[in-house]
Amino acid sequence: MKDISLALFQNKELLSILMVCAVISAAIILFFRFIPEKMNHSRISRHKDLLNVSLITACYAVVSLWHLGSSVFFKTTWQPQKAGQQIIFELPGETHFDAVYSIYCEGDNNSNPATYQLSMEGMILEGSDDLEQWSQITVFPQKGIYQYLITSGDWDYHYVRLRCPDKNGTLSEIGFRAYGGSVFLPVRVYEDEYADSVYPASLVIDEQSVLTIEPSWYDESYFDEVYHPRNAWEIANGQYMYASVHPLLGTCIIALFIRLFGFSPLVYRLPGALFGIMLLPLFHAVLKQMFRNSSYAFLGTLFLACDFMHLTTSRIATLEPFSVFWILLMYYWMIRYYKSSFYKDFKGSLKLLLYCGIAMGLGIATKWTACYSAVGLAILLFTNLFHRFSEYRHAVKALKDNPEEQDSSLLYIRNVFPRYFFQTIGWCFLFFIGIPLLIYFVSYIPTKVWRDGWSVRNVIRQIVYMYKYHINLTATHPYQSMWYQWLLDARPIWYFGRATRDGFYNSIACFSNPLLCWAGLPSFLLVVYDAVVHRNKNAWIILTGYLTAFLPWVTLVERCVFAYHFYPTSFFMIMSVVYAGRRLVKLNQNFSWVVTAFAMAVVIVFVIFLPVTAGFTTTTAYIKLLEWLPGWWFG
């Protein structure tokens, strides 16, 4: 199957994915055929929406979850009992090896109050045949946690000694690849001073079956997975945390999955993938609220499902899928409020604001980028209140000008506006300040960020620490980018790339679907025009969401930034494209074929680029064909 898929699509996974999607789609369509035909128009519309969003979500879920990560990973980790501790291994059979595989997970931070169990950096590996003359094989360099370090060479030793100069080292597994082969040599512990301790040397070689000859992103961490899964593992296991430079609600969600299902790449990536899947029906609901049209809600949901950045960001264990979900959810409630009037249902309007405030609190407790979008909520809130005030002024004037014609609706507006207005403002202090603060502070309770435990004071100190960390960060990265490059899709961030032994390649890059991105900029300019000149409500919503998510990266943030920081803005970019398509069709119904053709092109480009957005196996030549722009590099 993989060979056929590679021959047809230059992608080993695509044929299997298409077949699964076809089966699931057929099952969904058959299910909806059993729905009774005698329904009113509104029910038919709802079932049509449900069918459409189910098909898109199901097919996207197949792609998102396909080959997401290995379900097997190392469960035990050795840590030294003293500085300078050494252990000796014996290769009882074949002794000729050409590579040393090593990997570390975090040790028991609770066991060492003075420091943390950090890494295998600085550990010395030596070989001998007589236990007297030792030759250095390697000194382990710095390497990311949960990532394989493969040291290649040509060695033939009966004994291998590991020396750990620091007490805060850790090592999960070590393996010796047979020379010229694809298996690991048998190994056993020869000498261990602390064999009866909690951390015997046998922990370094007790999971040889988990070692893989050709590790890839599927088997190990990549990019920021060296941070968030580590923090999640610490939370799940009640460990004092090594470092935390973001709020921890999203990390706690990952920790919950680790607690339930154990630690592995599949488990720590699964929550983000599920949130990415749930974003599709949520986005559909947002679009339906805005455009009141099933076709355009379907179109926008399809665009999101085919956006590279959405897929790639959902498949890596970072905080973005969670934070963006909460951002979109808080906009969903605020859009409903923005398009309503408290004159018609005051209590109902307060409920919408309550739900919006809760979603905002969850977003900020996940990542501070939600604060940027929270400014957009305030703008939409006060825009709505301004409209209510305008209606109040009109009512007062009309009643004053015509005292004999006392219209009941005008009287109602005049009488209730002051009370509703100030009550709304008062409740907003609770909904958008009190509740978010409560959520933020409470979200730290399951964690062990501090040795002296949780307290309001410690959370405030952590906020100050994180703020100083981000504003003083001076690190650079070869794949960093500038905000104006995001608008043109000019500089993707390359997460992972590695050639296989049989000549194929796996690559993962994060950037937008170029068709959506290149259509997004002129579409957004149209949105700006309609919002300012025609005062279109939908255009104003998109403009507000877009600029509040995007402008801070232009005006405030001076640190190293990447293409994925455009992710919250990309949702409003897609809304802009849908808005422009709708305007085009309204201008001339014959242009509907242009929108359809564009949508088909977006889907095709999404499929073509799967080998560099999802890491699916392909050829190096195909990878190079996808480097359309000078700033694109995929391996």
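Quick check on region 319-472: take the gyration tensor over C-alpha atoms, sort the square-rooted eigenvalues as a ≥ b ≥ c, and tell me if it's rounded (a/c under 1.5), prolate or oblate. Prolate, because a/c is 1.5 or more and a/b exceeds b/c. Region 242-295 and region 414-482 have their alpha-carbon centroids 20 Å apart. If you find the alpha carbon centre of region 115-154 and of region 581-635, how far apart are they in angstrom? Here the two parts' Cα centres lie 45 Å apart. For the chain, the longest principal axis of the C-alpha atoms and the axis of helix 346-364 are separated by about 20°.
Mean residue ellipticity, 222 nm, helices only, the chain: the sum of -39500 (n - 2.57) across DSSP H runs of n ≥ 4, divided by residue count and rounded to 500, is -17000 deg cm²/dmol. Ordering K448, K344 from the fewest to the most neighbouring beta carbons within 10 Å gives K344, K448.
This ranking places V187, V605 by how few other beta-carbon atoms lie within 10 Å of each, fewest first, which gives V605, V187.
Ignoring aspartates and glutamates fewer than eight residues from K167 along the same chain, the ones with Cα atoms less than 17 angstrom from its Cα are E106, D108, E121, D192, E193.
Relative to the longest principal axis of the Cα atoms of the chain, the long axis of helix 320-338 makes an angle of roughly 10 degrees. Each residue in L302, L15 was given a count of other beta-carbon atoms within 10 angstrom of its own, and listing them fewest first yields L15, L302.
Partners of K400 within straight-line reach, counting aspartates and glutamates whose Cα lies under 16 Å from its Cα and excluding those fewer than 8 residues away in the same chain: E391. Across region 422-551, the mean sequence separation of Cα contacts (distance under 8 Å, 6 or more residues apart), normalised by length, yields a relative contact order of 11 percent.
Within the straight-line cut-off of under 26 Å between alpha carbons, the lysines reachable from K624 are K2, K12, sequence neighbours fewer than 8 places apart in one chain being disregarded. Projecting the Cα atoms of W553, P568, A580 onto the charge dipole of the chain (Cβ charges, centred on the Cα centre) puts A580 farthest toward the positive pole.
Dipole size of region 85-209 about its Cα centre, with +1 on Lys/Arg Cβ and -1 on Asp/Glu Cβ: approximately 380 debye, rounded to the nearest 20. Toward the positive end of the charge dipole of the chain, with +1 on the Cβ of Lys and Arg and -1 on the Cβ of Asp and Glu, the farthest Cα among A621, W233, N472 is that of N472.
Against the chain, whose longest principal axis is taken from its Cα atoms, helix 592-608 shows a tilt of about 10°.
Computed over the chain, the range of Cα coordinates on each principal axis works out to 112, 60, 49 Å, biggest value leading.
Highest mean packing comes first when the peptides 206-212, 583-589, 514-520 are listed by Cβ atoms within 10 Å, giving 514-520, 206-212, 583-589.
Put a plus charge on the Cβ of each Lys and Arg, a minus charge on the Cβ of each Asp and Glu, and nothing anywhere else: the dipole of the chain about its Cα centre is then about 4000 debye. Considering only Q133, G122, L185, whose Cα is most displaced toward the positive end of the charge dipole of region 85-209, charges sitting on Cβ of Lys, Arg (+1) and Asp, Glu (-1)? So the residue we want is G122.
Here, each number is a calculation from the coordinates, and none is a lab measurement. None of these values were measured; they are calculated from a predicted model. Neighbour counts run over all protein chains shown; Cβ positions are idealised from the backbone, glycine included.
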